[in-house]
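The values are calculated or read from the model by the stated rules, or taken from the named source; none is laboratory data. Treat the numbers as computed from the prediction; the structure is a model and nothing was measured. Quick reminder, even Gly has a Cβ in these numbers, built from the backbone with ideal geometry, and neighbours come from all protein chains shown. Keep in mind that these areas ignore ligands, DNA and RNA; they rest on the heavy atoms of the full protein, side chains included. Shrake-Rupley method; radii C 1.70, N 1.55, O 1.52, S 1.80 Å.
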Amino acid sequence: MGRIKKLWAVALLLCATLCFAGCGEEKLVSEDLDRANTGNYNMNPIMKTDKGFYYSQGRLKSLSLYYHDAENGKGMYLCNKPECRHEGDEFCAATSDKYKVMETVMYSGSLYINAVEETETTYKYKLLRASLDGSSLSEVVTYFETENIDVVPLYYWDMGPVLTIHRNKAFLPYQLENRKNKDTGMSGTAIYDLETGELTYLGEKTRELEERDFNFIGCGDYMYYVLEQKYKTRLYRYCYTDGSVEMLELEKGFKGDYAVYDENTVFYIKSQQELYKYTHDTKESIRVKTDEWNGFAYEVLTTDGLMTIHHNVNIYSVLSDGEYVYVPENFNNKGHDYPWYEGYNPTPSDDSVELRTNYFEVTILDADGNYVNHVEVSSQDLLGYTEYLTLHILGDTIYMQTPFKVYECSKADFIAGKANFKEAYSQDIGIYSVKENE
């Protein structure tokens with residue numbers, strides 16, 4: 001009888017161990033990309049759960065992962081080992097001096113990190129995975145490797161998101177330039193299937209540097225991306241069902257700035273001045289009427305009386321969450337940008353007109369490109385000065401991300417023209433700010 005009890009106890013212990021191990025395993029769940037919540041040259045996408053926010057250090061810095069607890073308002077390293085000093089060694093789940101991070105995104109209950117490891121002889125491009133509870137950091141795949149004697153990793157400021165995950169496929173573009181000749185080098189894009197572990201490439205594994213893929217946006221059964229070659233820039237989409245690639249026939253002057261409204265509709269910018277709506281089933285591009293909202297008007301006193309001057313501004317970026325289209329005017333949401341001022345003398349008199357702005361306008365359009373509303377966005381009232389910022393749209397919330405703080409505004413207020421931002425959490429992602437450069 002005693003022996004039976006012992007065997008029963010061992011069986012229960014083994015069962016509990018297996019159950020515990022099963023609970024610790026994250027099940028991969030296919031998710032669609034939040035198209036208006038992506039990272040850029042310096043900023044992370046907004047990575048939120050019902051308990052808090054996650055963020056990491058900026059571009060090409062050593063790995064440092066953080067968590068902000070929404071309940072107590074405290075920030076901490078994403079490492080649950082109480083004895084850990086978070087000094088970048090192998091013991092820590094949040095920090096590592098082994099990797100230089102290019103981007104971090106949240107997907108299917110984990111953080112995925114696009115990173116480069118440099119050894120004595122090679123560069124190894126790797127996809128890492130960190131658990132949201134701070135218990136583990138692991139390597140998922142090495143998707144590209146090359147000798148480091150003649151080349152060095154390159155990161156373009158206008159690439160948009162470098163790591164893009166949509167429906168279990170991770171798209172990972174890479175570029176390296178020659179140390180002695182910056183006009184030469186190599187590029188490519190890896191496609192890693194998180195579910196099957198299959199590693200493939202978008203075109204040739206190694207291409208010339210002057211040919212690069214960037215600005216990836218996933219929607220439905222497609223991954224859209226821009227292919228830039230020496231004398232042309234074109235928009236393509238990769239089909240998930242059969243791996244085929246097709247080119248979208250856009251107007252000449254397209255430089256890579258676009259937003260996907262749905263699988264049949266793309267809004268894109270031509271020559272930083274004109275906005276177009278492309279419909280895939282008709283293969284047609286229709287110019288969006290921007291006269292009623294682009295730029296601003298002001299009155300100037302001249303010798304002939306008051307004169308109204310209309311000033312058009314550039315369009316650098318466009319966003320869509322599948323419900324509305326958002327067009328920041330004279331502001332690049334992909335780059336490290338902030339509102340700026342210009343001086344003008346457009347009047348027929350000798351009087352000089354100087355305009356100063358500490359905000360930019362975001363024009364909101366519907367699915368057909370019709371004007372809905374506009375809203376003025378600024379960090380001046382929140383911080384007391386104009387700071388670099390990026391806008392993100394996630395669910396029913398608009399986020400304004402700056403180097404040290406992130407603010408949030410309800411989407412309903414934003415659409416109504418009210419930028420009612422309030423602080424969501426503090427962060428320090430190690431990028432330069434306007435305040436530091438004063």
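Brief remarks on what is shown
- Ligands, DNA and RNA left out, the accessible area of the range 260-343 computed with a 1.4 Å probe is 46% carbon and sulfur.
- Set Lys27/Lys255; Lys124/Lys169; Lys205/Lys277; Lys205/Lys230; Lys232/Lys411; Lys51/Lys411 screened for pairs whose C-alpha atoms are more than 28 Å apart: Lys27/Lys255; Lys205/Lys277; Lys232/Lys411
- Since only Ser320, Asn42, Thr196 are under comparison, the one whose Cα sits farthest along the positive direction of the charge dipole of the chain, derived from C-beta charges on Lys, Arg, Asp and Glu, is Thr196.
- Candidates Asn330, Asn72, Asn148: whichever shows maximal mean-square fluctuation once the chain is modelled as a Gaussian network with Cα springs under 10 Å: Asn72
- For the range 113-249, the Cβ-based charge dipole about the Cα centre amounts to some 240 debye (Lys, Arg positive; Asp, Glu negative; other atoms uncharged).
- Cα-based shape type of the range 145-295, given that a ≥ b ≥ c are square roots of the gyration tensor eigenvalues and the cut on a/c is 1.5: oblate
- Only aspartates and glutamates eight or more places from Lys61 in sequence, or on another chain, were considered; those with a Cα closer than 16 Å are Glu87, Asp89, Asp97, Glu103, Glu117, Glu118, Asp428.
- Highest-MSF residue in the chain out of Arg129, Arg85, Arg167 [GNM, Cα springs under 10 Å]: Arg85
- Amide hydrogen neighbours beyond the local backbone of Gln175, cut-off 5 Å, H modeled: Leu154
- The range 170-258: C-alpha gyration tensor shape, a/c 1.5 cut-off, then a/b vs b/c: oblate
- Residue-wise HN-Hα coupling along the range 396-411, computed from phi with Karplus coefficients 6.51, -1.76, 1.60 (Hz; x: Gly, Pro): 9, 10, 9, 10, 10, 9, 10, x, 10, 9, 10, 10, 9, 9, 5, 4
- For Val141, the amide hydrogen comes within under 5 Å of the amide hydrogens of Leu127, counting only partners 5 or more places away or on other chains and with H modelled in the peptide plane.
- Max mean-square fluctuation residue, GNM over the chain, Cα-Cα springs under 10 Å, options Ser426, Ser110, Ser244: Ser244
- Computed [θ] at 222 nm, deg cm²/dmol, the chain (DSSP H ≥ 4; -39,500 (n - 2.57); rounded to nearest 500): -2500 deg cm²/dmol
- The residue list Phe144, Thr184, Tyr276 was ranked by how far each Cα lies along the charge dipole of the chain toward its positive end, using unit charges on Cβ atoms, and Phe144 comes out on top.
- Taken as Cα centroids, the range 148-219 and the range 274-293 sit 30 Å apart, rounded to the nearest whole angstrom.
- Compared with the dominant principal axis of the Cα atoms in the chain, helix 2-24 is inclined by about 10°.
- Couplings 3J(HN,Hα) for the range 169-181, derived from phi with the Karplus relation 6.51 cos²θ - 1.76 cosθ + 1.60 (θ = phi - 60°), are 10, 9, 9, 10, x, 9, 9, 9, 10, 5, 5, 9, 9 Hz, where x marks Gly and Pro.
- Charge dipole (Cα centre; +1 on Lys/Arg Cβ, -1 on Asp/Glu Cβ; no other charges) of the chain amounts to roughly 1540 debye.
- For the chain, the solvent-accessible area of protein heavy atoms averages 49 Å² per residue (probe radius 1.4 Å; ligands and nucleic acids excluded).
- Placing +1 on the Cβ of every Lys and Arg and -1 on the Cβ of every Asp and Glu, with nothing else charged, gives the range 237-318 a dipole about its Cα centre of roughly 180 debye.
- Gyration tensor over alpha-carbon atoms, the chain, equivalent ellipsoid semi-axes in Å: 42, 26, 22
- Centre-to-centre, using Cα atoms only, the range 35-103 and the range 237-256 are separated by 34 Å.
- In the chain, taking the dipole from charged Cβ atoms about the Cα centre, the farthest positive-side position among Gly220, Gly369, Thr95 is held by Thr95.
- q = 0.14, 0.32 Å⁻¹: log10 I(q)/I(0) that the Debye formula gives for the range 204-247, counting C-alpha atoms only: -0.34, -1.14
- Here the Kirkwood formula, the inverse mean of 1/r across different C-alpha pairs, assigns the range 93-198 a hydrodynamic radius of 14.5 Å.
- Vicinal HN-Hα couplings computed from phi for the range 182-199 (Karplus, 6.51 cos²θ - 1.76 cosθ + 1.60; Hz; Gly/Pro x): 6, 7, 10, x, 8, 8, x, 9, 8, 10, 10, 8, 5, 7, 9, x, 6, 10
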